[in-house]
1. Positive end of the charge dipole of the stretch A:353-412 (Lys, Arg +1 and Asp, Glu -1 on Cβ, about the Cα centre): tell me which of A:ALA398, A:LEU388, A:PHE372 has its Cα farthest that way.
2. Over the Cα atoms of the stretch A:319-443, what radius of gyration and what Dmax do you get, in Å?
3. Which order results if B:MET1, A:MET176 are arranged by neighbouring Cβ count within 10 Å, fewest first?
4. Using the structure shown, list the pairs from A:LYS4/A:LYS236; A:LYS157/A:LYS415; A:LYS72/A:LYS188; A:LYS165/B:LYS154; B:LYS126/B:LYS154 with a Cα-Cα distance above 22 Å, or answer none.
5. Using the number of other C-beta atoms within 10 angstrom as an exposure proxy, rank B:HIS79, A:HIS207 with the fewest first.
6. In whole Å, how far is the Cα centre of the stretch B:1-76 from that of the stretch A:19-73?
7. Output the relative contact order of the stretch B:1-85, whole-number percent, from Cα pairs under 8 angstrom with separation of 6+ residues.
8. By counting other Cβ atoms within 10 Å of each Cβ, how are B:LYS154, A:LYS446, A:LYS71 ranked from fewest to most?
Amino acid sequence: MFRKILVANRSEIAVRILRACREMGITSATVYSDVDRDALHVRYADEAYYVGPSPARESYLNIERIIETAKKAGCEAIHPGYGFLAENAEFAARCQEEGIVFIGPPKEAIVAMGSKTVARRTARAAGAPVIPGTLEPLSDEEIVTKAREIGYPVMLKAVSGGGGKGMRLVENESEMASAIRMARSEAKSAFNDDSLYLEKYIENPRHVEMQILVDKEGRGVYLGERECSIQRRHQKVIEESPSVLMTEGLRREMGEVALKVARAAGYYSAGTVEFLMDANRRFYFLEVNTRLQVEHPVTEMVTGVDIVKEMIRIAAGGDLSISQDDVQMRGHAIECRIYAEDPFNNFLPSPGTIIGMRLPDGPGVRVDRGVFEGAVVPMEYDPIIGKLIVWGRDRVEAVERARRALSEFVIKGIKTTIPFHVRVMENPLFLSGDFDTTFIDTVFKKMEGERVPRLMDIALGTVAVHKYLEDVAPKTASPVQVHAESPWRLYGRKLQLRTGLW
Amino acid sequence: MTYIATIEGISEEHRVEVIPVGDDKFRVIINGNQELLLDVRRHGCCVYSVLKDGQSYELDVDGGGDGEYSVLVGGEHFHINIMDEMKKKLLSILGEAAGVATGEVTTAMPGMVVRVLVQEGEKVEKDQPLVILEAMKMENEFKAPCDGVVKSVKVKEGETVEANAVLVVIEPAG
């Protein structure tokens, strides 16, 4: 086993991996940029090294600087987390050249699966059903011609895509020019590759994915599915396991297809094979995510398998600690992603200072987070600041727990997706399991503006009393006892007044 | 004391009267017709425990200056601007005299200017893309609100802007 690992990431996922290291008795090191000196992962790690200015390409994406840091610190392996260098084949190759173990799949599998068109060809050859569309990258003119052949609506996708970047749903030809421009520009900045391809748009699709673990000997298991249909901008917001659509037979079929695709690509480590499922429960291969995923905790909650630790064991050349027969799914888990975004304003980013935070706890509640009271959420990186994961005996109990935990969860100073989750956990369509990937654009947009009048009155009344106390109380004796103020809150408020972020 | 409050996302104003009745209790009258009797305890700077007819509420009230408050209750965020009635009246008179600028394209979020697609003096059509801004890895296209001419471009590519910054000013046509 490794003695020291470098975690080349930040925020909640860095903390998650650092925790696994600590449990395994492995010394941990991490990296940080200018803006992240005060970040949680820096404090949590045993060692932390500066790798450059705030923009990601000068720090967290700086391959040579990270390799050099790992070597200087004497790390035998690097865990890239998700995002940043997680699916960067060049980085995996450089690790190998320098004799550092990349905790993830082999570089050949990253290259193959990183190209969505190669992945589609590989999956089809392995016998997986794929969505109708093109198997090669296209020029602007070809896109227009092919889209007519396939028939609108179509999905325009980045060949190097992932995380919804460089992806556009195009309803008709008049939208195509603008969609191509935006998709190419986004793909260029996210993946440094602006090539695009086309897929037929599946109506009312559900997003169901299969978690797999494969060791270097090729022994593999599937850990069941996650349903990730609640998405905004083609990025997941809520995930759960199991999916309400799943049957034991369908799960076995999908799990075996997933392992077949992985073997065809020479894959090892943890990975996720994504599928779209139509209204008739027909599933189509979508892509392989060659990394640890944001939503891995829902699978950990229902299977009891620590996916990060398995990844580390596999990377160290160890055997899988479980066989397929050991995998038993128990109960139901739901993850609510906490983004620094305004759900009532098209999920626009809301970076800034967290001036107050109270975390939920109690039975069946897990919080993975990268922030704390007083933390600054920078605008340079991904908006995810944490995840709430709940477990219940069944879906009903999991939803009730999520609702209860969300009512305890307080984050102040920036806007977050917490009020969005509160609404979804009360929505009859979500509760009945009758929803698809269009949920946010159709169902949520309608409830967006709704306020609970009862709470509005209390909010209005209390703010007026507060204002009255601020205006009047200093001049007379305060009728209300005020306790000492937390220095973090004062700091946060000062910062906020200075930056004007609110 | 009487206040005028506006809640973000709700167009109408609310008139809120606060009358202290002793022992941390307040009579609050909303819009002249709704009366609440609130038992209010403040904990630390910003946490309130409020009892109303035996119902218990926990609220966070955080001030950002200029009568702007963020109120959090039961997972709901309310962004409330509250001012005493007299001040509000004064400000509204001053505001009318100053007039309101039109054709300003502003950003609700901070971010980095990825691309500026127009120049000063250029004619633009409604919905024509003007500026692309990136924050938290997401690109946002800002479009012309109306037909017109670009009066000024306030930002440069690569520049970082704060929330509510003016990006481009359009002189509306006609």
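We did not get these values from a lab; they are worked out from the coordinates using the rules stated. None of the values given here were measured: they were computed from a predicted structure. Here Cβ is always computed from backbone atoms with ideal geometry, including for glycine, and neighbour counts include all displayed protein chains.
1. Result: A:ALA398.
2. That works out to 16.2, 48 Å for Rg and Dmax.
3. By the 10 Å Cβ count, ascending: B:MET1, A:MET176.
4. A:LYS4/A:LYS236; A:LYS157/A:LYS415; A:LYS72/A:LYS188; A:LYS165/B:LYS154
5. Working: B:HIS79 16, A:HIS207 21.
Exposure proxy ranking, most exposed first: B:HIS79, A:HIS207.
6. 45
7. Over the stretch B:1-85, the number comes to 24 percent.
8. Sorted ascending by nearby Cβ count, the order is A:LYS446, A:LYS71, B:LYS154.
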